[in-house]
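J.: Dumping the structure here so I can ask a few things about it.
Just so it is clear, none of the values below were taken in a lab; they were calculated from the coordinates. Remember, it's a predicted structure, so these values are computed and weren't measured experimentally. FYI the Cβ positions are ideal-geometry reconstructions off the backbone, even for glycines, and counts take in every protein chain you see.
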Amino acid sequence: MKKHDLKDDIGYWLNRLRMQVHHGFEVRLEAYDVSIAQWCILLALYNESAASITELSKFIEVDKASISRVVERLLTKELVTHQAGNDRRSGHVQLTQKGRELIPFLIQAAQENEQQFFGGLTSQEREQFRHLFHKLFLNLSSIQMSGWLINVKENDDV
């Protein structure tokens, strides 16, 4: 049987790429005491103005318990408010004034991270990459929906 070189494996390269992009963004967000999981929720609320835990869970595609934990951290930092409903996961979460004022800085950090990621590519190559990445994602999503792939959760909150 022919040897399989790890460095010929697309999963190896995708994981290395993900780790570098993720780490670069974590470092940028540390300056604002915000995690990537918190960033996802803050941006969703910025774009939607208010949302329930369930809506955030569906939008970000993370389980409600994880969203609730991240929202608790954001409440502690006074970046969001939570108007309770009948139970802990109902009601609406929305940005505070402090949260709204922070968003432009976080968006800039995200744009800087993306610029670093795409730095060596032309605008045409960037679009081509986005198109192919999206196409591959949709392909794998349809395979998962048909039950061919096993959904593996990471230990990340989001």
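J.: Lys and Arg at +1, Asp and Glu at -1: add these up for the other residues within a Cβ distance under 14 Å of residue 112 and post the number.
T.: -2
J.: On a 0 to 90 degree scale, rounded to 10, what angle separates helix 10-30 from the longest Cα axis of the chain?
T.: Long axis of 10-30 versus the principal axis of the chain: about 30 degrees.
J.: Hey, another quick one. In deg cm²/dmol, rounded to 500, what helix-only [θ] at 222 nm does the chain give when every DSSP H run of at least 4 residues adds -39500 (n - 2.57) and the total is split over its residues?
T.: Counting only the DSSP helices, I get -21000 deg cm²/dmol.
J.: Of [x] 17.0; [y] 17.9; [z] 16.0, which one was derived for Kirkwood radius over Cα pairs in Å from the structure shown?
T.: [y]
J.: Please identify, among 138, 42, 102, the residue showing maximal mean-square fluctuation in a Gaussian network model of the chain using a 10 angstrom Cα cutoff.
T.: Greatest mean-square fluctuation among the candidates belongs to 138.
J.: Under 18 Å Cα to Cα from residue 98, which lysines show up? Leave out anything in the same chain fewer than 8 places away.
T.: In chain and number order, the partners are 77.
J.: Sticking with this one: If I fit a long axis through the Cα atoms of helix 64-76 and take the longest principal axis of the Cα atoms of the chain, what angle between them do I get, 0 to 90°, rounded to 10?
T.: Rounded to the nearest ten degrees, it is 50.
J.: Would you please put 33-41, 126-134, 56-64 in order of how densely packed they are, using the mean number of other Cβ atoms within 10 angstrom per residue and starting with the highest?
T.: Top to bottom by mean Cβ count within 10 Å: 33-41, 56-64, 126-134.
J.: Can you put 19, 1 in order of Cβ neighbours within 10 angstrom, beginning with the fewest?
T.: 1, 19
J.: Report, to the nearest 10°, how far helix 97-118 tilts away from the longest principal axis of the Cα atoms in the chain, using its own Cα long axis and a range of 0 to 90°.
T.: For helix 97-118, the angle is close to 10 degrees.
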